[in-house]
Amino acid sequence: MKFVLIVGIILAVGLGITVVVLGGADDSPGLQLIGVVLVLCAVVFGIRNLRGRN
């Protein structure tokens, strides 16, 4: 289960980075904000869940 969580976090961070880059190319600050929020939420969610498991 830990493997699935880590893969999900990596995919979410990758998607968020892609959204930020595409938002920068299109000069869309709203899309960049969505990407940053996605990355931050994925990292926080991942850290909280991985710390809670032993």
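Points to keep in mind about this one:
- Residue in the range 34-48 that is more than 10 Å from the chain's Cα centre (by Cα), assigned to a loop (DSSP other than H, G, I, E, B) and charged (D, E, K, R) present: no
- Lone qualifier among ILE10, ILE17, ILE6 - being surrounded by 14 or more Cβ atoms within 10 Å (Cβ to Cβ) and of a type in the set (Val, Ile, Thr): ILE17
- Count of the range 6-31 residues, restricted to those that are more than 12 Å from the chain's Cα centre (by Cα) and on the phi < 0 side of the Ramachandran plot, is 10.
- For SER28, the criteria (1) loosely packed, with under 13 Cβ neighbours inside 10 Å; (2) of a type in the set (Ser, Thr, Tyr); (3) modelled with pLDDT under 90 hold in every case but one, which is (1).
- Looking across the range 41-51, the residues that are in contact with a helix residue (DSSP H, G or I) (Cβ under 8 Å, 6 or more places away or on another chain), at pLDDT 90 or above and of a type in the set (A, V, I, L, M) come down to ALA42, VAL43.
- Among the residues of the range 8-33, those that are of a type in the set (Gly, Ala, Ser) and in a helix (DSSP H, G or I) comprise GLY8, ALA12, GLY14, GLY16, GLY23, GLY24, ALA25, GLY30.
The values are calculated or read from the model by the stated rules, or taken from the named source; none is laboratory data. Just so we're clear, the structure is a prediction, and the values are computed from it rather than from any experiment. Reconstructed Cβ throughout: ideal geometry from the backbone, glycine too, with neighbour counts over all protein chains shown.
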